[in-house]
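Before we start, here is the structure in question, set down as structure tokens.
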Amino acid sequence: MITLERLSKVYAGEGQPALDNISLSVPDGAIYGILGRSGAGKSTLIRCLNLLERPTEGRIIMDGKEITTLTQRELRRHRQRTGMVFQHFNLIHARNVADNIAVPLEIAGQPRAARERRVAELLELVGLSDKAHAFPSQLSGGQKQRVGIARALAAHPSILLCDEATSALDPETTASVLALLADINRKLGLTIVLITHQLEVVKAICDHAALLEKGRLIESGPLADLLVNPGSRLRRALLPDREAEQAFLRRHGVEGMKLCEVA
Ligand SMILES: Nc1ncnc2c1ncn2[C@@H]1O[C@H](COP(=O)(O)OP(=O)(O)OP(=O)(O)O)[C@@H](O)[C@H]1O
């Protein structure tokens, strides 16, 4: 469980807070989508979760620990347990796929044989066993992101943070990367927090969502609750008309049922 309590971030020299008094909870095993337009504060929020940014005020509690008070040693461990997936993949171009995936294992000081075993497992999980020796320049965008996901999972993280992980991909590749994330969530029970400006991402895989606007939290919670609340902004955005609602129900294979029974 991750709990944000009255989290605020004001960058030095900025009058307007990038995050303004945000409180929300991410249950274990959730796929939690944080939606917002450019400048809403999404990147700041995700950077606070791995303490690349220090919040100005408030608390972040992960697995019962207040992470802003961790010692340097505990912080290194926390970062190892927090996998990160990036919009532009951040692969090392001079290393092949297997060696990119092995980076966190090398940092953790794992011996070669254990690294090779783990890399083989991960290649299988992301469907790239035949690309172990390929270099990033020889891969499609979707394949690069699969490598990014495998690398993020290498050190057995307890949470996966995805920073606009599908924003650089075409719709078809986006769908296959999202399906992979949903599969990993199911198979490993891994909590996934993703930030996105794409409503489709939330619609496709999230079970929880939050809407940020100019650093403020407009609403948050289980999608099931948001989608049955006629006053919800997320509901209006995700299901703008009857047709969209029916399409959503069709996609979930429950056409003919009322939304509140399935959402
Ligand atoms: N390092 C920084 N120094 C000063 N201001 C910053 C810094 N990083 C972000 N900001 C400001 O904080 C606010 C939130 O930015 P942030 O990048 O978190 O938003 P975002 O929702 O991720 O936007 P985008 O989708 O465009 O990446 C913006 O007003 C931005 O200009």
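Quick check on my filter: what residues within region 149-173 are of a type in the set (D, E, K, R) and either in contact (Cβ under 8 Å) with a residue 24 or more places away in the chain or within 16 Å of Leu125 (Cβ to Cβ) (or both)?
Arg151, Asp163, Glu164, Asp170
Which one is nearest to the ligand (Cβ to nearest atom), of the residues in region 3-15 that are crowded, with 19+ Cβ neighbours inside 10 Å and aliphatic (A, V, I, L, M)?
Leu7
Related question: Only one of these is under 18 Å from Val193 (Cβ atoms), among the small types (Gly, Ala, Ser) and more than 14 Å from the ligand (Cβ to nearest atom): Ala18, Ala40, Ala30. Name it.
Ala30
Sort out which residues of region 188-198 are closer than 16 Å to Ser176 by Cα and assigned to a helix (DSSP H, G or I), and write them in order of number.
Correct list: empty.
Now, a different point. Scan the helices (runs of 4 or more DSSP H) fully inside region 216-263 and keep the ones with 2 or more residues being among the hydrophobic types (A, V, I, L, M, F, W, C), outside the structural domain of Gln198 (by TED's automatic domain parsing) and at pLDDT below 80.
Counting at least 2 such residues, we get 242-251, 259-262.
Separate question: Considering only residues that are near the ligand (Cβ under 9 Å from one of its atoms) and either in a helix (DSSP H, G or I) or surrounded by fewer than 17 Cβ atoms within 10 Å (Cβ to Cβ) (or both), which ones fall in region 43-59?
Ser43, Thr44, Leu45, Ile46, Arg47
Being modelled with pLDDT of 95 or more, within 16 Å of the ligand (Cβ to nearest atom) and either surrounded by fewer than 16 Cβ atoms within 10 Å (Cβ to Cβ) or within 27 Å of Ala224 (Cα to Cα) (or both), is that true of even one residue in region 60-70?
Yes, the conditions are met somewhere in region 60-70.
The values are calculated or read from the model by the stated rules, or taken from the named source; none is laboratory data. As the structure is a computational prediction, the values presented were derived from the model and not from experiment. In this analysis, Cβ positions are derived from the backbone assuming ideal geometry, glycine residues included, and neighbour counts consider all displayed protein chains.
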